[in-house]
Amino acid sequence: MKYAVWFVRLVFAAWMIPAGLNHFIPLFPQPMGTQPLSQELIRALLDSHLFDLVKAVELVAGVGVLIGWYTPLMLLICLPVSFNVFYWDAPLEGWGSRAALFGYATFLCNALLCLAWFRSYRDMFALRATAARPSQVLVARVVFGAWMVLHAANILFLSLWAAPAGHGALATQLMTALVNSGLLDVAMTLQLLLGALILAGVAVPAALCLLMPITTCALFWALFLDQQALTALLTLLAFALNGLLMLAYLPYYRGVLERSPPAAGETADGRSHFDALFVAASGRSSRAEYVPALVTVVAALAFFHYEVTGRTATFCMLMLVYPSAVLLARRLRDLGQPLGLLALPLLLTLAGFGVELGYLSLGSGVDGVMTWLALGVAGLFLLWGGVRETARLG
């Protein structure tokens, strides 16, 4: 179980980091869609700068998952982004398109990793959660839940008052794209269901948490794009109520806020923990721990090599240099070898990626063999760590 979780974790992190960074530092072409609705939505996200927030979440979450920094929290904040990636890639680009495959993979990886840390989320789903100040919280919860239900129902089918369409050009552009793509209906359906749970007092911590991305996007639209005083004030109030109610139920989120809890199949002692093998370079790893961990990294590299193409695949594989280097460093220490040996395969590997990506040239005669040289030397070092017996120290 744990090796499957590690594989999915490495793939997800190695995908999210360059995907997020690419928006701020161009690494490879940003997909703009091939269908009218997908093109309209991506253009609206870019023009409104909501895409900045989306890509920042991808980048931060990818780094957090890779280095074991509040992994359950990172997975949770990235889940809405992963769903929207799926929605853009599959329903909008086409269920049978190549883009849809990446949409399925992104959302599935995020969801599977959340399941791997279900122990961290379990308290959120308490059917009848109690808050510190029940009377005040009850009033706020009923008001907020009823507000969310009525607002969503009005947009979906009641039409008691005009739905917000936007006053400024960017606000109108984004709202039109959300309506045309059907994404607004999806968001409002979720808001209706989650608001009903909050109103009924069922699984309130989970409902508040899942509703927060919707209220955050609504606040962004009203405050920065529409810029109408009343709309901005109301969305700010809704966002504040959402956040304050989450604070009232803070004890139910304690599992999400743990620094580095074990995932499914891992033990709390750290010996079979992802962080102990791929993050903490100061430790040691026995051959029994090293070999399956190495196979997991190689499997992730093979996934990107065979299933992803172009510069995107190369950057994703580059992200896996870090966990590979940590794994080898721990093994060298266990073998009683100087860590300076790591410099040779690491420098050659980085140089090989630099040549492959066109950032580095060592001369026409060298560039052609640089990748193979880096691959060969790094492969020999990694293989050596798996066949060499541990040194007898002390």
Most mobile listed residue (344, 199, 76) in the chain, GNM with C-alpha springs under 10 Å: 344
Highest-first arrangement of 334-343, 2-11, where packing means the average Cβ count within 10 Å: 2-11, 334-343
Cα gyration tensor, region 89-168 - rounded (a/c under 1.5), prolate or oblate: oblate
Calculated from backbone phi, Karplus (6.51, -1.76, 1.60) coupling profile of region 250-265 in Hz, x at Gly/Pro: 3, x, 6, 9, 4, x, 5, 8, 6, 5, 8, x, x, 8, 4, x
Fraction of alpha-carbon pairs over 24 Å apart in region 1-116 - percent: 22 percent
Cα centre as origin, Lys/Arg/Asp/Glu Cβ charges: region 1-112 dipole, Debye: 360 debye
Most to least packed among 234-247, 359-372, 203-216 [average Cβ atoms within 10 Å]: 203-216, 234-247, 359-372
Cα gyration tensor shape for region 10-70, rounded if a/c is under 1.5, else prolate or oblate: prolate
Rh (Kirkwood; distinct C-alpha pairs) - region 198-313, Å: 18.7 Å
Stretch gain in nm, segment residue 39-residue 115, where the contour uses 0.36 nm per residue and the Cα spacing is subtracted: 24.1 nm
The chain: most fluctuating residue of 153, 19, 163 per GNM, C-alpha cutoff 10 Å: 163
Neighbourhood charge, 15 Å Cβ-Cβ cut-off, centred on residue 16 and excluding it, Lys, Arg +1 and Asp, Glu -1: 0
Dipole in debye (nearest 20) - the chain, about Cα centre, beta carbon charges: Lys, Arg +1; Asp, Glu -1: 1100 debye
Cα centroid of region 346-394 to Cα centroid of region 96-114, whole Å: 31 Å
Integer Hz, Karplus 6.51/-1.76/1.60 couplings in order for region 42-57, x for Gly and Pro: 5, 5, 5, 5, 5, 5, 7, 6, 5, 5, 4, 5, 4, 6, 5, 5
Relative contact order (percent, whole number), the chain, Cα cutoff 8 Å, 6+ residue spacing: 18 percent
Top positive-direction residue, dipole computed over region 97-210 with Cβ charges, set 172, 143, 156: 143
Dimensionless Rg/Rh of region 251-327 - Kirkwood Rh, Rg from C-alpha atoms: 1.06
Dipole axis of the chain (+1 Lys, Arg; -1 Asp, Glu on Cβ), positive-most option in 360, 302, 381: 381
Tail beyond 18 Å, pair distance distribution of region 270-394 (Cα, percent): 54 percent
Coordinate range along principal axes, alpha carbons of region 123-253, Å, largest first: 44, 26, 24
Cα gyration tensor of region 159-234 - equivalent ellipsoid semi-axes, whole Å, descending: 24, 14, 11
Long-range Cα-Cα pairs in the chain (distance over 29 Å), rounded percent: 52 percent
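Bear in mind these aren't lab numbers, they're just calculated from the coordinates by the rules spelled out. Everything quoted here is computed from the prediction, not taken from an experiment. Cβ: placed from backbone, ideal geometry, glycine included. Neighbour counts: every protein chain shown.
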